[in-house]
1. As a test question: what accessible area, to the nearest 10 Å², does residue 71 have when a 1.4 Å probe is rolled over all protein chains in place?
2. Take the alpha-carbon centre of the stretch 48-68, take the same for the stretch 151-166, and report the distance between them in whole Å.
3. Report the Rg/Rh value for the chain, based on alpha-carbon coordinates and the Kirkwood definition of Rh.
4. Rounded if a/c is under 1.5, else prolate if a/b is larger than b/c, else oblate: which is the stretch 127-175, with a ≥ b ≥ c the root eigenvalues of its Cα gyration tensor?
5. Is there a quick way to get the dipole size of the chain? I mean about its Cα centre, with the Cβ of Lys and Arg at +1 and of Asp and Glu at -1; what is the value in debye to the nearest 20?
6. Take the residue pairs 55/144; 124/195; 55/88; 143/214; 55/214; 81/214 and return only those whose Cα atoms are more than 27 Å apart.
7. Tell me which of 166, 8, 49 sits at the most positive position along the dipole axis of the chain, charges placed on C-beta atoms (Lys, Arg +1; Asp, Glu -1).
8. Assuming R0 = 30 Å, can you tell me the calculated FRET efficiency for the pair residue 214 and residue 156, based on Cβ-Cβ distance, to the nearest 0.05?
Amino acid sequence: MRIEGVIFDLDGTLLDTLEDIADSVNRVLRANGFPIHQLEAFRFFVGDGSRMLVKRALPENERSDASVACYLSAFKKDYAKAWDVKTKPYPGIPELLNHLMQTHVRMAVCSNKPHAFTVLCVEKLLHQWRFDPIVGQNRRYPKKPAPDSALAIAHAMGISPSEALFVGDSGVDMQTATAAGMLPVGAAWGFRPEKELLENGSMYVARSPLDVIKVIRGSLKV
C-alpha cells in the first residue's frame, strides 16, 4: 500500500532538543540545592511528558505530587526562556522533509511535549515545511503510547492508519504506532538505543533520516 502520510515524533526525531532540556532542568535542580545530571541521563528522562521528566530528575525523596508540581512550574518558566539556545533539526531532516513535500506525502507531528511548546518548536525551527496537524500533550488526548492522538491525526489528514508511517526515537513511539495500526519506524539517530526500538515493535530501524525515504520506497531491509 502506498504511504500517504508520515507522523513524526518531535524531540529526538525531528529536533535535537536534549541539551536545552537538560540545561533547563539542571538549572532548576541547582537553584534548589539538588544534584544535577549528566546529559546522557536525560535520554531516558524524556519521552513521557514534562511532568515525568521532572519527576525522574528529582531526588527520590522530592517526588511527591506537590514537589513535582512546584519544580515542574519552575522548569516550564525556565525552558520557555531558553528552549532554542542549542535546539536544531538533526542532520538529514531538511532533506527528508523536502523529499516528502516534493512527493506530496502529508506530514504531521505527534509529541508528548506540551502542546504549546510543540507548536512553538515547529513554527520557529521547521517553518519551511507544512505539518498538519501538530499535536502535543493536551487534555483532549491521553499521552502516547495511547494511540488516540495518532489516530486523530490520521483522521485529520484524511488517510487510514495503515497508510501512515509513525517515525519516532523511543519505545513509547513504537508502541503508539503499533496500537494505532501504523507502520512503526524507529529513528535510531535520536535519544534511545536501537534495542529499545526493536523490543517495542519497530518494523524498520532508520539509522539516518534519509532511510525513511527507503522505507517508503520499500527498499530498506527490515
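The values are calculated or read from the model by the stated rules, or taken from the named source; none is laboratory data. Quick caveat, the model's predicted, so the values are computed rather than measured. Virtual Cβ from ideal backbone geometry, glycine too; neighbours counted across all protein chains shown. SASA here: full protein model, heavy atoms, side chains in, ligands and nucleic acids out. Shrake-Rupley method; radii C 1.70, N 1.55, O 1.52, S 1.80 Å.
1. Rounded to the nearest 10, that gives 30 Å².
2. Answer, in whole Å: 33.
3. 0.97
4. rounded
5. On the way: 27 positive and 25 negative charges, 50 e Å.
That gives a dipole near 240 debye.
6. Check vs 27 Å cut-off fails for 124/195; 143/214; 55/214; 81/214.
7. Toward the positive end, the furthest listed residue is 49.
8. Numbers: r = 27 Å, r/R0 = 0.89.
Calculated transfer efficiency: 0.65.
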